[in-house]
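The next block holds one structure in the form of structure tokens; read it before the comments.
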Amino acid sequence: MKLNTLKPAEGSKGRAKRVGRGPGSGRGKTASRGNNGAKSRSGYSRKAGFEGGQMPIQRRLPKFGFNNPTRVEYKAINLSSLQTACEKHNLTTVDIDTMISIGLAGKNDLVKILGNGELTAKLDVTANAFSASAIKKIEDAGGTANKI
């Protein structure tokens, strides 16, 4: 490929449609906008969700539910996941940076350790939150659960 042979794809560079430039152009008078109505006026923009006068969907459907603005979302990680990661990567301490690097959590996640599964390795686990069963299983295995 040479720079002097570059050109746009066939048909991609059409001329701009010049409207409202007299009757000889074929697009004079109404400038292809039709005769009357809001759409023929300058500055017209249809409001979001407008359905031609029909009751719009956001008004036809009922409101329901509640979004709690103070809810804290945790990324749940089970002890079984920690056990497999420990065996795979030979870990003795697990903190959030370690979980991010091995792919168990994202960099903006708050992490909660849950007690599903068995933990046989002695681990120092540091996370944002723990379930009661997770703390019990970690300490039974000889490790510690450190809450940030």
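The values are calculated or read from the model by the stated rules, or taken from the named source; none is laboratory data. None of the values given here were measured: they were computed from a predicted structure. Note that each Cβ is placed from the backbone with ideal geometry, even for glycine, and that neighbours are counted across all protein chains shown.
Any residue at all in region 67-74 that is assigned to a strand (DSSP E or B) and either in contact with a Leu (Cβ under 7 Å, 6 or more places away or on another chain) or in the same structural domain as residue 115 (by TED's automatic domain parsing) (or both)? Checked against the condition, which is being assigned to a strand (DSSP E or B) and either in contact with a Leu (Cβ under 7 Å, 6 or more places away or on another chain) or in the same structural domain as residue 115 (by TED's automatic domain parsing) (or both), region 67-74 yields at least one hit. crowded, with 18+ Cβ neighbours inside 10 Å, assigned to a helix (DSSP H, G or I) and touching a helix residue (DSSP H, G or I) at 6+ places or on another chain (Cβ under 7 Å), is that true of residue 134? The answer is yes for residue 134. The set of residues from region 89-106 being of a type in the set (A, V, I, L, M, F, W, C) and not in a loop (DSSP other than H, G, I, E, B) comprises 94, 96, 99, 100. Can you pull out the residues in region 77-112 that are surrounded by 15 or more Cβ atoms within 10 Å (Cβ to Cβ), in contact with a strand residue (DSSP E or B) (Cβ under 8 Å, 6 or more places away or on another chain) and farther than 16 Å from residue 126 by Cβ? Listed by number, the list holds a single entry, 78.
Among the residues of region 60-87, the one identified as farther than 22 Å from residue 132 by Cβ, at pLDDT 95 or above and among the charged types (D, E, K, R) is 60. Using the structure shown, decide if residue 40 is of a type in the set (Ser, Thr, Tyr), surrounded by 10 or more Cβ atoms within 10 Å (Cβ to Cβ) and modelled with pLDDT of 90 or more. Criteria met by residue 40.
Results for (1) among the hydroxyl-bearing types (Ser, Thr, Tyr); (2) more than 21 Å from residue 98 (Cβ to Cβ), shown as yes or no for each residue.
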| site | (1), (2) |
| --- | --- |
| 47 | no, yes |
| 57 | no, yes |
| 65 | no, yes |
| 76 | no, no |
| 80 | yes, no |
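In this structure, does residue 29 turn out to be surrounded by 10 or more Cβ atoms within 10 Å (Cβ to Cβ), of a type in the set (D, E, K, R) and not in a loop (DSSP other than H, G, I, E, B)? It is false that residue 29 is surrounded by 10 or more Cβ atoms within 10 Å (Cβ to Cβ), of a type in the set (D, E, K, R) and not in a loop (DSSP other than H, G, I, E, B).
Kindly establish whether residue 82 is within 38 Å of the chain's Cα centre (by Cα) and in contact (Cβ under 8 Å) with a residue 12 or more places away in the chain. Considered against the rule, which asks whether it is within 38 Å of the chain's Cα centre (by Cα) and in contact (Cβ under 8 Å) with a residue 12 or more places away in the chain, residue 82 comes out as yes.
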